1. Could you tell me whether any residue of the stretch 237-258 is more than 30 Å from L122 (Cβ to Cβ) and of a type in the set (A, V, I, L, M)?
2. For the stretch 117-143, how many residues meet the condition of being closer than 22 Å to Q20 by Cα and open to solvent by less than 10 Å² (accessible area, probe 1.4 Å)?
3. Cβ-Cβ under 9 Å, sequence separation 6+ or interchain: first residue in the stretch 102-114 and within 15 Å of E84 (Cβ to Cβ), partner part of a helix (DSSP H, G or I) and open to solvent by less than 10 Å² (accessible area, probe 1.4 Å). Which pairs?
4. So the check is Cβ under 7 Å with 6+ separation or different chains; which pairs have a first residue in the stretch 121-132 that's over 11 Å from V95 (Cβ atoms) and a second one that's assigned to a strand (DSSP E or B) and open to solvent by less than 10 Å² (accessible area, probe 1.4 Å)?
5. Within the stretch 1-42, how many residues turn out to be of a type in the set (G, A, S), within 14 Å of the ligand (Cβ to nearest atom) and assigned to a strand (DSSP E or B)?
6. Hey, can you tell me all the residues within the stretch 144-164 that are within 16 Å of R188 (Cα to Cα), within 12 Å of the ligand (Cβ to nearest atom) and either open to solvent by less than 20 Å² (accessible area, probe 1.4 Å) or acidic (D, E) (or both)?
7. All but one of (1) under 24 Å from P152 (Cβ atoms); (2) surrounded by fewer than 22 Cβ atoms within 10 Å (Cβ to Cβ); (3) not β-branched (V, I, T) hold for G244; which doesn't?
8. Considering the stretch 103-143 alone, what residues qualify as being more than 11 Å from the ligand (Cβ to nearest atom), closer than 16 Å to H250 by Cβ and not in a helix (DSSP H, G or I)?
Amino acid sequence: MYVFKAAVVGAGTMGGEIAQVIASAGVPVVLKDVKDEFVQTGLDKACEVTEGQLSGLVGKEKITQEQADAQLEEITGRIAGTTEYEGFGDVDFVVEAVPERMEIKQAVFGELDEVTPGHAILASNTSSLSISEMADATGRPDKVVGFHFFYPASVMRLIEVIEGEETSEETLQATTNFAQAIRKTAVRCGEGPGFVVNRILNSAVSEVWKVTEEEGLDIKEVDKTIQESGTVPMGPFFLTDLLGLDTVLHVAEHLQDSYGDRFYVSSKMKELVDAGNLGQKTGKGFYEHG
Ligand SMILES: NC(=O)c1ccc[n+]([C@@H]2O[C@H](COP(=O)([O-])OP(=O)(O)OC[C@H]3O[C@@H](n4cnc5c(N)ncnc54)[C@H](O)[C@@H]3O)[C@@H](O)[C@H]2O)c1
């Protein structure tokens, strides 16, 4: 199946950039959130990312400023924002990017099942939850699949294509093709908690959280030391602020519930989430953000 039109549900940390990736590959996309201001944030993010990419190309003299201006208009013009399911009646592929809570995801999948055409593939950007449980909320479990981007979606090349219990081979193939069409590299994996990347990443990061708390280490010093090692672009606490503490906490708790105490849940992170400090998106997390 070829994807002529796509949709993204949830215009937060991930959704705006996912819509940008799809639009910059030439595919029209509808971006939905629950409030106008959230939709606008996603549209602004898509515009900002596109501007950054195009000015990079101008700087390298790959395209002219005039071409960049025209492309900016074309790419952003392919993204339509909505707070209703307007424009979902003729989509071929939907990426759900709402908060990492099964009850929210199931409600969205139930709605998507009603508003999209029967042939449409319904994909989730979940970081760790069960694709099969989301599929249970629809009458088309064979067309429900995981489509897991990494932060920041406009930069990171990898997408995990996750197979639920009833996902058909045809859906997996069409999803892998779509990943390639939007210039990403797809890896197929089963729906074990955390899939592949987050299971590996969290096993390392949870050691850092644990030692930092047990030894009473300074978070900024830990980040600085890890960054200076040159193995990663930034320390794990700063990264968590960018990803969103609520999202990272849900993933960490889910991994601990699934695999036991070898996955640690940072109590400082819990404290911050309870106080509503979710990182960059709320202005404060482990760090203060301007
Ligand atoms: N943040 C990351 O680094 C990251 C990376 C990969 C995958 N993910 C996954 O992507 C998903 C979204 O994460 P995020 O960080 O973008 O979350 P977020 O909290 O930044 O954004 C979620 C958005 O969904 C909207 N929303 C809530 N209910 C909705 C509904 N019924 N319909 C439409 N929109 C609704 C919210 O208003 C919000 O704007 C989660 O499943 C998360 O695990 C996140």
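1. So in the stretch 237-258, the residues more than 30 Å from L122 (Cβ to Cβ) come out as 237-238, 241.
Still in the list and also of a type in the set (A, V, I, L, M): none.
Checked the stretch 237-258: no residue is more than 30 Å from L122 (Cβ to Cβ) and of a type in the set (A, V, I, L, M).
2. Pass one, the stretch 117-143, residues closer than 22 Å to Q20 by Cα: 120-127.
Those still in the list that are open to solvent by less than 10 Å² (accessible area, probe 1.4 Å) too: 120-124, 126.
Result for the stretch 117-143: 6.
3. V108/M134
4. Every condition considered, the pairs that remain are S127/H148; I131/S124; I131/V144; I131/V145; I131/G146; I131/I162.
5. Going through the stretch 1-42, the residues of a type in the set (G, A, S) turn out to be 6-7, 10-12, 15-16, 19, 23-26, 42.
Still in the running and within 14 Å of the ligand (Cβ to nearest atom): 7, 10-12, 15-16, 19, 42.
Okay, now just the ones that are also assigned to a strand (DSSP E or B), so 7.
Residues meeting the conditions: 1.
6. Taking the stretch 144-164 and keeping what is within 16 Å of R188 (Cα to Cα), we get 144-150, 157-164.
Next, only the ones that are within 12 Å of the ligand (Cβ to nearest atom) stay: 146-150, 158-160, 162.
Residues satisfying the conditions are G146, F147, H148, F149, I159, E160, I162.
7. (2)
8. If the condition is that a residue be more than 11 Å from the ligand (Cβ to nearest atom), closer than 16 Å to H250 by Cβ and not in a helix (DSSP H, G or I), then S130 is the only one that fits.
The values are calculated or read from the model by the stated rules, or taken from the named source; none is laboratory data. Source: prediction; values computed, not measured. Reconstructed Cβ throughout: ideal geometry from the backbone, glycine too, with neighbour counts over all protein chains shown. To get the accessible areas, we keep the full protein, side chains included, count just its heavy atoms, and leave off ligands, DNA and RNA. Shrake-Rupley method; radii C 1.70, N 1.55, O 1.52, S 1.80 Å.
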